[in-house]
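Each reported figure results from applying straightforward, stated rules to the coordinates on display, with no laboratory input. These figures come from a predicted structure and were not determined experimentally. Cβ: placed from backbone, ideal geometry, glycine included. Neighbour counts: every protein chain shown.
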Amino acid sequence: MHQKIKPIAIYLPQFHPVPENDEWWGKGFTEWTNVTKTAPRFLGHYQPHLPADLGFYDLRLEEARLAQEALAKQFGIYGFCYYHYWFNGKRMLYEPLDRKLKNSKENLPFMMCWANENWTKTWIEAERDILLRQEYSEEDDVKHISHLLTYFKDSRYIKVSGKPIFIIYRPELFSDIKKTIQIWKEAVKREGFPDLYIGFARKSVKEKFPEYFDFAFEFQPSFSDTPRAPKMSLLKRIKIKSTKILGIYKQPKIVINDYETYSNYQMQQVYNQKVFPGITPMWDNSARKKNFPFILHESSPLKYKSWLQHIKDNYPWDKVPEPFLFINAWNEWAEGNHLEPCQKWNLDYLKATQEVLK
């Protein structure tokens, strides 16, 4: 490998109040609201995940964002990939990035990923009410790329051979994603860029790679690419069946995978040079999905480090235009998924990242 790996950490901007969340979830709601309400669900369950060095920050504050960037730089994180929220012209959770744009002191490189899903009340049990709906049209494509160019023109925005990088989280939700990409690429070229480097978040090795995308990145964890769970014993199945008949059995739909088993399973894949590698230090979205969480149990910096070392040693780095490695995530606290120091592991995950990628 000739190039130094450039780790890109996925960045969630929902750590400040906004009027819409006040209305839907209660006054003052931020991501921290769910984080602090969580408790262990079983013996050995690591919850809640509570912040250490950076505290319960508010991302409207310059000092909070600067502290994040300083920590990222200290441990070799190349840049952040900010989740971007756009609903037919309505923006959400934009303040942290917009304030960074106006502040030259915040000089960590960045890119954006459009989280193009409907916003629903899935955090509250089984409610499926849509709060904000995604709608797609050519008119909106034009408005959207015009807005995005503000970020692309910033010197801190990450580019590949002069082409700004932009990621779509779920391209399958578009009726005509090929047309959208065409409109965007033409608009970017008119503004003097050689092209747009457009990618998507690949959730499974089975997911098709549309020819009109330039790249994908491995979104980890891949919920559909997991080792098969062992079959439940006959005695346990009889017990569950009988208690259900009696109406006294209520089992939360908790999916638990062992982190080491999962990471070993992921290491068996054959890497594709058009798909940048991804990794997650840990995952437990109990804080968001109270009764149907997905948990990678017994994660640790050492197990994460082993997976990271495998990626470093086995991915075809010499065949990609830039050596990006996507880490999910920098600060997804309600998904139990963060490089930022917590009260259990402190700086250990950041240290592991630095030691492998130095």
With respect to the cross-link table entries LYS90/LYS203; LYS206/LYS303; LYS185/LYS303; LYS185/LYS289, which display a Cα-Cα separation exceeding 31 Å?
-> LYS185/LYS303; LYS185/LYS289
In whole Å, how far is the Cα centre of region 277-347 from that of region 1-71?
-> 15
Nearest 10 degrees, 0 to 90: helix 301-314 Cα axis against the chain principal axis = 50
Determine the relative contact order of region 8-154: mean sequence separation of Cα pairs under 8 Å and six or more apart, normalised by residue count, in whole percent.
-> 21
Describe numerically, in nm with one decimal, the distance between label points set 7 Å from Cα along Cα→Cβ at LYS274 and at THR33.
-> 4.2
DSSP beta bridges in region 53-130: the antiparallel percent, rounded to 5, is 45
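Sorting check: for 57-64, 255-262, which peptide has the highest mean count of neighbouring beta carbons within 10 Å, and how do the rest follow?
Numbers: 57-64: 15.6, 255-262: 17.8.
Peptide ranking by packing, descending: 255-262, 57-64.
Suppose R0 equals 35 Å. What FRET efficiency, 1/(1 + (r/R0)^6) with r the Cβ-Cβ distance, do ASP58 and ARG190 give to the nearest 0.05?
Working: r = 38 Å, r/R0 = 1.09.
My answer for the efficiency is 0.35.
Relative contact order for the chain using alpha-carbon pairs under 8 Å, separation at least 6, rounded to a whole percent?
Working: 622 pairs, mean separation 75.6, N = 358.
About 21 percent, as a whole number.
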In the Gaussian network model of the chain, springs joining C-alpha atoms below 10 Å, which of LYS102, LYS253, LYS344 carries the largest mean-square fluctuation?
-> LYS102
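Around GLY89, with a cut-off of 12 angstrom between Cβ atoms, what is the net charge of the other residues, counting Lys and Arg +1 and Asp and Glu -1?
Values: positive: LYS90, ARG91, LYS143; negative: GLU135, GLU139, ASP140, ASP141.
Net charge around GLY89: -1.
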With a Förster distance of 25 angstrom and the Cβ-Cβ distance between ASN118 and SER306, calculated FRET efficiency to the nearest 0.05 equals 0.10
Please determine, in degrees from 0 to 90 and to the nearest 10, the orientation of helix 234-245 with respect to the longest principal axis defined by the Cα atoms of the chain, where the helix direction is its Cα long axis.
-> 90
List, in order, the whole-Hz ³J(HN,Hα) value for each residue of region 323-337 obtained from phi through the Karplus relation with A = 6.51, B = -1.76, C = 1.60 and θ = phi - 60°; use x for Gly and Pro.
-> x, 7, 10, 8, 10, 9, 8, 6, 8, 8, 5, 6, 9, x, 8
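Using alpha-carbon pairs under 8 Å, 6+ residues apart, how would you state the relative contact order of region 88-214 in percent?
Details: 142 pairs, mean separation 31.3, N = 127.
Relative contact order for region 88-214 comes out at 25 percent.
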Extension gain, SER104 back to SER146 (0.36 nm per residue minus Cα-Cα distance, nm) = 12.9 nm
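Helix-only estimate, please: 222 nm mean residue ellipticity of the chain, summing -39500 (n - 2.57) across DSSP H runs of length 4 or more and dividing by its residues, to the nearest 500.
Numbers: 10 runs with 107 residues, N = 358.
My calculation for the chain gives -9000 deg cm²/dmol from helical runs alone.
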Spatial extent of the chain: Rg and Dmax, with the Cα atoms as the point set, Å | 20.8, 69
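As an exercise, use a Förster radius of 30 Å and the Cβ-Cβ distance of GLN182 and LYS153 to find the FRET efficiency, rounded to the nearest 0.05.
Details: r = 21 Å, r/R0 = 0.70.
E(calc), rounded to 0.05, equals 0.90.
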Name the residue, out of PHE42, PHE219, PHE87, whose mean-square fluctuation peaks in a Gaussian network model built on the chain with Cα pairs under 10 Å.
-> PHE42
How far is helix 177-190 tilted off the main Cα axis of the chain, in degrees rounded to 10, range 0 to 90?
-> 30
Given 0.36 nm per residue, what is the gain on full extension from TYR212 to VAL255 after removing their alpha carbon distance, in nm?
-> 12.0 nm
